[in-house]
Amino acid sequence: MKYLVLLIGDGAEKPWLEQTESEQMAAMAKFGEFDAACAARDGVELLALEALSDSSDATVMRTTGGQVQLSDGPYAEVIEGMGGFYLLEAPDLDVVVELLRLLPPYDIQIHPTVEVTP
């Protein structure tokens, strides 16, 4: 099954840009541990992953009555923005949760994907 994992916030007590170089390196090491653990685990494959820019860089596209409107900023007023995401294939949710424990302390949303056939 495929899972979309959304990393909310910046995963630390301090925003990324306020962290020391050693704090940033420690966080990046955790991402490396997660990637290695996924690669070593049978049935798990990282399909896509990206860090995201600040939520103020986001563009929202809404369609109402056939009209498309674009606006700046995140979709909703939020305290924390999205820090990044993973799309991974894993045997089940328990495996995903076990692996995600290796990441820095993000709030995390895990969404199973739905197979859509044309």
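The values are calculated or read from the model by the stated rules, or taken from the named source; none is laboratory data. As the structure is a prediction and not an experimental result, all values here were calculated from the model. Note: ideal-geometry Cβ built from the backbone for every residue, glycine included; neighbour counts use all protein chains shown.
Please verify whether residue 85 is at pLDDT 85 or above, part of a strand (DSSP E or B) and either surrounded by fewer than 14 Cβ atoms within 10 Å (Cβ to Cβ) or not small (Gly, Ala, Ser) (or both), treating the condition exactly as stated. Judged against the criteria, residue 85 is a match.
Within region 62-76, identify whether any single residue is of a type outside the set (A, V, I, L, M, F, W, C), within 17 Å of residue 7 (Cα to Cα), out of contact with any Gly (no Cβ under 9 Å at 6 or more places or on another chain) and part of a loop (DSSP other than H, G, I, E, B), and answer yes or no.
Step one: list which residues in region 62-76 are of a type outside the set (A, V, I, L, M, F, W, C), which gives 62-67, 69, 71-75.
Now narrow it down to the ones that are within 17 Å of residue 7 (Cα to Cα): 74-75.
Then drop every residue that is not out of contact with any Gly (no Cβ under 9 Å at 6 or more places or on another chain), which leaves 75.
Adding the requirement that they be part of a loop (DSSP other than H, G, I, E, B) leaves 75.
The answer is yes, given that some residue of region 62-76 is of a type outside the set (A, V, I, L, M, F, W, C), within 17 Å of residue 7 (Cα to Cα), out of contact with any Gly (no Cβ under 9 Å at 6 or more places or on another chain) and part of a loop (DSSP other than H, G, I, E, B).
Within region 12-48, the set of residues being touching an Asp or Glu at 6+ places or on another chain (Cβ under 8 Å) and not in a helix (DSSP H, G or I) comprises 12, 14, 43, 44, 45, 46, 47. Only residues that are more than 13 Å from the chain's Cα centre (by Cα) and either surrounded by 12 or more Cβ atoms within 10 Å (Cβ to Cβ) or among the hydrophobic types (A, V, I, L, M, F, W, C) (or both) were counted in region 35-53, giving 9. The listed residues are 39, 58, and the only one of them that is at pLDDT 85 or above and small (Gly, Ala, Ser) turns out to be 39.
A Cβ distance below 8 Å, combined with a sequence gap of six or more or placement on separate chains, defines the contacts here; from region 93-118, residues that are loosely packed, with under 12 Cβ neighbours inside 10 Å reach residues that are among the acidic types (Asp, Glu) in the pairs 107/80.
Name every residue in region 1-51 that is of a type in the set (Lys, Arg) and within 15 Å of residue 99 (Cα to Cα), in order of residue number.
Residues of region 1-51 of a type in the set (Lys, Arg): 2, 14, 30, 41.
The answer is 2, 30, 41.
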